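Peer 1: First the structure, which I've put down as structure tokens, then a few questions once you've had a look.
The values are calculated or read from the model by the stated rules, or taken from the named source; none is laboratory data. Being a predicted model, the structure only gives us computed values, none of them experimental. We place every Cβ from the backbone using ideal geometry, glycine too, and count neighbours over all the protein chains shown.
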Amino acid sequence: MVCLLCGSRKARRGCPALNQVICPVCCGTKRLGEIACPADCTWLASAREHPAAVVRRQQERDAAIILPALRALTQRQNQLFFVFHTAIARYVPDGFARLTDDDVAEAAGVVAATLETAARGVIYEPAAHSLTAQRLAADLKKVIEDVRQRRGSISDRDVAVAMRAIEAGARETRRLTGGTAETAYIDLISRLLQQNRLAEAEAAPQKPASSLIIPG
């Protein structure tokens with residue numbers, strides 16, 4: 001039987017979320033992302049309790065890169081950091097354009113600069129150089145307004161600090177990892193978001209309501 005999701009690999013794992021049999025690769029890579037795994041899924045529990053050695057090493061490398069930046073943020077700024085990254089992960093550029101770390105850095109820097117100049121009483125909205133970055137910046141501004149409408153006031157300073165952390169991470173990750181990939185930071189954050197979803201799924205019965213709403 002061929003996997004329902006990829007249509008190429010052999011299906012070996014029963015997926016309770018899809019009520020179908022899928023391949024191990026799709027199970028591992030689409031878990032809690034494209035697949036809404038139930039908390040009692042045996043494959044999900046096994047992944048949490050016994051991550052592969054290669055996964056553990058990747059998690060350790062990711063943590064070494066991202067944790068110093070997160071430690072410098074307040075709790076609210078940290079929440080905003082992940083809210084904005086959820087929006088970035090969902091962003092799909094128009095046409096054949098591809099979102100890169102440079103686009104993320106430029107978009108975050110533009111939004112931060114707009115808020116920082118407004119705090120000084122100056123109305124100034126710098127424009128990103130790439131069209132993809134411009135459109136991502138516009139999307140991020142919509143996310144800010146959406147969070148404010150749903151949950152009330154959030155300070156421009158907290159938003160700007162979170163955006164500067166994103167900008168710095170997007171500019172530095174390729175250098176820190178010694179790689180050449182144009183999406184090294186985007187890939188890192190995608191892995192962190194998946195880990196957060198795993199943790200949230202595990203803690204779901206006891207988890208209190210979040211003080212921030214991540215836009216859908």
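Peer 1: When region 96-113 is examined, which residues are found to be aliphatic (A, V, I, L, M), more than 15 Å from Asp156 (Cβ to Cβ) and free of Cβ contacts under 8 Å to residues at least 40 places away in the same chain?
Peer 2: Taking region 96-113 as the starting set, the residues that turn out to be aliphatic (A, V, I, L, M) are 97, 99, 104-105, 107-108, 110-113.
Checking the rest, the ones that are also more than 15 Å from Asp156 (Cβ to Cβ) come to 97, 99, 104-105, 107.
Ala97, Ala107, listed by residue number.
Peer 1: Given (1) aliphatic (A, V, I, L, M); (2) at pLDDT 90 or above; (3) surrounded by fewer than 20 Cβ atoms within 10 Å (Cβ to Cβ), identify the lone condition not met by Ala107.
Peer 2: Single failed check for Ala107: (3).
Peer 1: Could you go through region 142-156 and let me know if any residue there is part of a helix (DSSP H, G or I) and modelled with pLDDT under 65. Show your work before the answer.
Peer 2: Step one: of region 142-156, the residues part of a helix (DSSP H, G or I) are 142-151, 156.
Then keep just the ones that are modelled with pLDDT under 65; that gives none.
Checked against the condition, which is being part of a helix (DSSP H, G or I) and modelled with pLDDT under 65, region 142-156 yields no hits at all.
Peer 1: Residue by residue through region 128-177, note down the ones that are of a type in the set (Gly, Ala, Ser) and under 19 Å from the mean Cα position of the chain (by Cα). First the steps, then the outcome.
Peer 2: Keep residues of region 128-177 that are of a type in the set (Gly, Ala, Ser), which gives 128, 130, 133, 137-138, 152-153, 155, 160, 162, 165, 168-170.
Of everything in region 128-177, those that are of a type in the set (Gly, Ala, Ser) and under 19 Å from the mean Cα position of the chain (by Cα) turn out to be Ala133, Ala137, Ala138, Ala160, Ala162, Ala165, Ala168, Gly169, Ala170.
Peer 1: May I pose another question? In region 125-132, is there at least one residue being β-branched (Val, Ile, Thr), under 17 Å from Leu193 (Cα atoms) and in contact with a Leu (Cβ under 9 Å, 6 or more places away or on another chain)?
Peer 2: Start the filter on region 125-132 by keeping residues that are β-branched (Val, Ile, Thr), which leaves 132.
Subset that is under 17 Å from Leu193 (Cα atoms): none.
No, region 125-132 contains no residue that is β-branched (Val, Ile, Thr), under 17 Å from Leu193 (Cα atoms) and in contact with a Leu (Cβ under 9 Å, 6 or more places away or on another chain).
Peer 1: Against the definition (in contact (Cβ under 8 Å) with a residue 24 or more places away in the chain and closer than 17 Å to Arg171 by Cα), how does His85 come out, yes or no?
Peer 2: yes
Peer 1: Only residues that are of a type in the set (Gly, Ala, Ser) and part of a helix (DSSP H, G or I): list them for region 90-110, please. Show your work before the answer.
Peer 2: Step one: of region 90-110, the residues of a type in the set (Gly, Ala, Ser) are 95, 97, 105, 107-109.
Within region 90-110, Ala105, Ala107, Ala108, Gly109 meet the criteria.
Peer 1: Looking only at region 24-40, how many residues end up being over 17 Å from Arg191 (Cα atoms) and either surrounded by fewer than 14 Cβ atoms within 10 Å (Cβ to Cβ) or modelled with pLDDT of 90 or more (or both)? First the steps, then the outcome.
Peer 2: Let us first name the residues in region 24-40 that are over 17 Å from Arg191 (Cα atoms), namely 24, 38-40.
Within this subset, residues satisfying the condition of being either surrounded by fewer than 14 Cβ atoms within 10 Å (Cβ to Cβ) or modelled with pLDDT of 90 or more (or both) are 38-40.
So the answer is 3.
Peer 1: Here's a follow-up. In the list Pro93, Pro38, Pro68, which residue meets the criterion of being without any contact (Cβ under 8 Å) to a residue 24 or more places away in the chain and in the same structural domain as Thr177 (by TED's automatic domain parsing)? Lay out the reasoning, then the answer.
Peer 2: Working: Pro93 fails: without any contact (Cβ under 8 Å) to a residue 24 or more places away in the chain; Pro38 fails: in the same structural domain as Thr177 (by TED's automatic domain parsing).
From the options Pro93, Pro38, Pro68, the qualifying one is Pro68.
Peer 1: What are the pairs with Cβ atoms under 7 angstrom where one residue, in region 160-174, is in contact (Cβ under 8 Å) with a residue 60 or more places away in the chain and of a type outside the set (S, T, N, Q) and the other, located anywhere, is part of a helix (DSSP H, G or I) and surrounded by fewer than 20 Cβ atoms within 10 Å (Cβ to Cβ)? Sequence gap at least six, or different chains.
Peer 2: Ala165/Ala69; Ala168/Ala69; Gly169/Ala69
Peer 1: Next question. Take Arg175 and tell me if it is surrounded by fewer than 16 Cβ atoms within 10 Å (Cβ to Cβ) and out of contact with any His (no Cβ under 7 Å at 6 or more places or on another chain).
Peer 2: On the way: surrounded by fewer than 16 Cβ atoms within 10 Å (Cβ to Cβ): yes; out of contact with any His (no Cβ under 7 Å at 6 or more places or on another chain): yes.
Spelling it out, Arg175 is indeed surrounded by fewer than 16 Cβ atoms within 10 Å (Cβ to Cβ) and out of contact with any His (no Cβ under 7 Å at 6 or more places or on another chain).
Peer 1: Evaluate the following for Phe96: is it surrounded by fewer than 22 Cβ atoms within 10 Å (Cβ to Cβ) and under 18 Å from Ile66 (Cβ atoms)? Working first, answer last.
Peer 2: Details: surrounded by fewer than 22 Cβ atoms within 10 Å (Cβ to Cβ): yes; under 18 Å from Ile66 (Cβ atoms): no.
No; evaluated as a whole, the condition is false for this residue.
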